[in-house]
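Values in this text are rule-based calculations from the coordinates and carry no lab data. The structure presented is a predicted model; accordingly, all values stated were derived computationally and were not measured. Note: ideal-geometry Cβ built from the backbone for every residue, glycine included; neighbour counts use all protein chains shown.
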Ligand SMILES: NC(=O)c1ccc[n+]([C@@H]2O[C@H](COP(=O)([O-])OP(=O)(O)OC[C@H]3O[C@@H](n4cnc5c(N)ncnc54)[C@H](OP(=O)(O)O)[C@@H]3O)[C@@H](O)[C@H]2O)c1
């Protein structure tokens with residue numbers, strides 16, 4: 001495992017485990033326990049995923065069994081849109097901590113740049129100063145939004161979690177994050193079930209030449225360009241496969257070939273810019 005250093009001085013593992021769209025309590029808990037046994041230490045949930053409780057239970061069980069210590073883990077959750085103002089955010093942070101059953105989170109993110117996210121950020125800055133949130137960051141902040149945010153807030157975000165995979169490489173976003181010392185974290189690093197990733201001939205050929213799988217190549221590509229990845233799977237063999245990316249390296253030529261798949265837009269970029277989508281999120285009809 002490799003690590004990056006956040007603007008807080010804390011280390012973040014370059015690979016973690018995401019639990020989006022795993023609403024079933026027992027399935028989520030089992031997947032997290034499998035991931036901890038495999039070696040994952042970073043876990044990514046969100047208030048809106050409705051599985052903070054399952055993640056928290058798995059983590060506490062693993063600690064009780066002596067599989068891992070709390071200090072070795074890096075637990076992330078996110079504040080949802082309905083809590084996006086100063087007063088509501090205080091409640092949202094407390095709810096996440098209570099649901100997870102943890103005294104502190106290693107990272108807490110503003111899930112979307114919607115409603116009063118500056119007010120919510122002030123509540124997160126306070127929780128950070130109190131030690132309840134060891135680092136605070138953002139998600140889905142496009143370069144213009146991130147720039148305005150970083151130029152305005154007191155404490156700059158440690159992380160920006162955005163869609164990053166070979167079909168949406170977002171080089172411009174990475175440049176902006178680098179400029180402000182914000183660590184990029186990829187959601188949907190395997191394409192999130194889109195793009196027929198595992199059938200791509202070029203990726204299959206690169207994978208074969210390294211005796212690796214397409215999944216491992218795609219994850220490796222992101223980490224090799226300095227991006228933290230948080231793939232999701234509820235299958236033990238895939239959880240293990242996805243973690244096995246630290247014993248090979250892609251050449252510069254292979255990195256370029258993979259980046260050439262870039263389409264310049266992603267699964268939700270178009271949605272995020274759609275007023276209808278925004279209205280539906282605000283009215284609590286979409287949790288995405
Ligand atoms: N901040 C945000 O707005 C945001 C948005 C989306 C996601 N996220 C975070 O990012 C994490 C990852 O994104 P994601 O879950 O959307 O997508 P992803 O990790 O790119 O892809 C997950 C999909 O790939 C499949 N898969 C995983 N490993 C595989 C393998 N080795 N071979 C074949 N198929 C494989 C999974 O199926 P199985 O489970 O059936 O194996 C699942 O359908 C989420 O869990 C969440 O924590 C954040």
Computed [θ] at 222 nm, helices only, for the chain once each DSSP H run of length n ≥ 4 contributes -39500 (n - 2.57): -12500 deg cm²/dmol
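State whether the chain is rounded, prolate or oblate according to the following rule on the C-alpha gyration tensor (a ≥ b ≥ c being the square roots of its eigenvalues): a/c under 1.5 gives rounded; otherwise a/b larger than b/c gives prolate, and the remaining case gives oblate.
Details: a/c = 1.58, a/b = 1.21, b/c = 1.31.
Oblate shape, in that a/c is at least 1.5 and b/c is the bigger or equal ratio.
Kindly state, to the nearest 0.05, the FRET efficiency for residue 211 paired with residue 147, given R0 = 45 Å and r defined as their beta-carbon distance. Don't jump to the answer; show the numbers that get you there.
Numbers: r = 42 Å, r/R0 = 0.94.
The pair residue 211/residue 147 has a calculated efficiency of 0.60.
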Cα gyration tensor category, rounded, prolate or oblate, for the range 33-142 with a/c compared to 1.5: prolate
Segment residue 248-residue 103, length gained on full extension (0.36 nm per residue, minus Cα span): 48.5 nm
Label-point gap, in nm, between residue 26 and residue 70 - each point 7 angstrom along Cα→Cβ: 2.9
Extended-chain gain in nm, criterion 0.36 nm per residue less alpha-carbon gap, residue 260 and residue 236: 5.5 nm
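Please report 34, 276 as a ranked list, fewest other C-beta atoms within 10 angstrom at the top and most at the bottom. It would help to have the intermediate numbers written out before the result.
Values: 34 20, 276 9.
Neighbour counts put them in this order, fewest first: 276, 34.
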Length-normalised contact order of the chain in % [C-alpha pairs under 8 Å, at least 6 apart]: 17
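So between residue 287 and residue 273, what do we pick up on full extension, going 0.36 nm a residue minus the alpha carbon distance? Don't skip to the answer; put the middle values down first.
Values: separation 14, 0.36 × 14 = 5.04 nm, distance 1.59 nm.
Gain in length upon complete extension: 3.5 nm.
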Shape category assigned to the range 143-288 from the gyration tensor of Cα positions, a/c cut at 1.5: prolate
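For residue 129 and residue 179, what does the FRET efficiency come to when R0 = 22 Å and r is the distance between their Cβ atoms, rounded to the nearest 0.05? Write out the running numbers ahead of the final one.
Details: r = 25 Å, r/R0 = 1.15.
Given R0 = 22 Å and the Cβ-Cβ separation, E is 0.30.
Counting other C-beta atoms within 10 Å, which of 125, 185, 175 has the fewest, and how do the rest follow?
Working: 125 15, 185 30, 175 10.
Starting with the residue having the fewest Cβ neighbours, the order is 175, 125, 185.
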Stokes-Einstein translational diffusion, the range 119-190 - Kirkwood Rh over all Cα pairs, 0.692 mPa s, 37 °C, in µm²/s: 259
Nearest-0.05 FRET efficiency for residue 196 and residue 7, computed from C-beta distance (R0 41 Å): 0.65
Between the range 115-155 and the range 49-99, the Cα center-to-center distance that results, in Å: 18
